[in-house]
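Everything below concerns the one structure shown next.
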Amino acid sequence: MTTATSTRALLDAIAGGVRTVELGQPLFTGMPCSPNHPGFRMTLIRRHGDMVRPDGGSASNEMIVTGGHVGTHVDALSHVSHEGCLHGGVDAMEAQVGGVHREHGAETIPPMITRGVLLDVAAARGVDSLAPGEAVTAEDLAAAGPEPGAGDVALVRTGWARHFGDAATYLGQADGVPGVDESGARWLAERGVVAVGGDTTAFECIPPGAGHRVLPVHRVLLVEHGIHIVEHLALEDAHDAGLTEFLFVMAPLRIVGGTGSPVRPVAVVA
């Protein structure tokens, strides 16, 4: 099949009727943010009317300040080390000399256009949302939706995104946050997924009062297996639409030497 023929086939498929379902949270000043990261701020630094051109035209623009792990974002493999090493045994101290990561930076995160699966753990348990600090185990994931395979992206719904408008509850500093435990992380890694994602601030289970003191799931996925993690997903629309399998589309920003990137993932369905 020629390139032109392949392109036409893709365009014909799109013309046949597809829709997108948003999987990311909106970015706004004051939204929930982990205390480990600088929050998102946006302000207009030029407003319509501040300067008017001779023909009557005017323009407005903004300044945005944000950490790389704020809002819906994807973790680069440089984000977490264990015993001094990044994924593949890369020396973490050496890699970060000069103020940027010379290996595993955010610019190396690939665009993802692949099969996505929604593992709707909350629905499988018959609840709107899991309880604070509740662990999602390998057994939970196996019972929650289609089994992910090599190259897939697996999204885990706990229902916690329902609390996104209540920062104290959503961040769970006192009561904890539900999420995947180490057994669940290893189950996902064994299936060869390229990335995972969840509807909480850290993807993994945060017990009450523990905060982000230890993050074993990040170690298993990022350091041991080189699997990217997408956090702060908005999965309620996907749940309401009854999605289980879909085309997952996500393009990270090519932030050279960064540890993460804001993203706007979507599910594409016929």
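Some observations on this one:
- For the stretch 194-246 and the stretch 1-72, distance of Cα centres in Å: 23
- The charge dipole of the stretch 2-153, taken about its Cα centre with unit charges on the Cβ of Lys, Arg, Asp and Glu (plus for the first two, minus for the last two), comes to roughly 740 debye.
- For the chain, built as a Gaussian network whose Cα springs stay under 10 Å, the top-fluctuating residue of Arg219, Arg191, Arg19: Arg19
- About the centre of its Cα atoms, the stretch 129-184 shows a dipole size close to 240 debye [charges on the beta carbon of Lys, Arg (+1) and Asp, Glu (-1) only; nearest 20 debye].
- Proportion of all alpha-carbon pairs of the chain beyond 34 Å (%): 22
- For the chain, the share of DSSP beta bridges that are antiparallel, to the nearest 5, is 65%.
- When a 1.4 Å probe is rolled over the protein heavy atoms, the share of accessible surface on the chain that falls to carbon and sulfur comes to 55 percent.
- Solvent-accessible surface (1.4 angstrom probe) belonging to Asp166, in square angstrom, nearest 10: 70
- Rounded to whole numbers, the Karplus 3J(HN,Hα) couplings from phi for the stretch 221-238 are 7, 6, 7, 7, 10, x, 9, 6, 10, 9, 10, 6, 6, 10, 10, 5, 5, 5 Hz, using 6.51 cos²θ - 1.76 cosθ + 1.60 with θ = phi - 60°, and x at Gly and Pro.
- Counted over the stretch 4-129, the DSSP beta bridges are approximately 90% antiparallel.
- Each residue was assigned an accessible area with a 1.4 Å probe, and for Thr200 the value is about 0 Å².
- Calculated accessible area for the chain comes out at 47 Å² per residue, all protein chains present (probe 1.4 Å; ligands, DNA, RNA ignored).
- Within the assembled protein chains, the solvent-accessible surface assigned to Glu62 is about 90 Å², based on a 1.4 Å probe.
- Dipole magnitude of the chain, debye to nearest 20 (Cβ charges: Lys/Arg +1, Asp/Glu -1, about Cα centre): 820
- Taken one residue at a time, the phi angles of the stretch 255-262 give Karplus couplings (6.51, -1.76, 1.60, θ = phi - 60°) of 8, 5, x, x, 9, x, 8, x Hz. Gly and Pro are set to x.
The values are calculated or read from the model by the stated rules, or taken from the named source; none is laboratory data. The structure presented is a predicted model; accordingly, all values stated were derived computationally and were not measured. Here the Cβ is made from the backbone with ideal geometry for all residues, glycine too, and neighbour counts use every protein chain on show. Heads up: the accessible areas ignore ligands, DNA and RNA and are worked out on the full protein's heavy atoms, side chains in. Shrake-Rupley method; radii C 1.70, N 1.55, O 1.52, S 1.80 Å.
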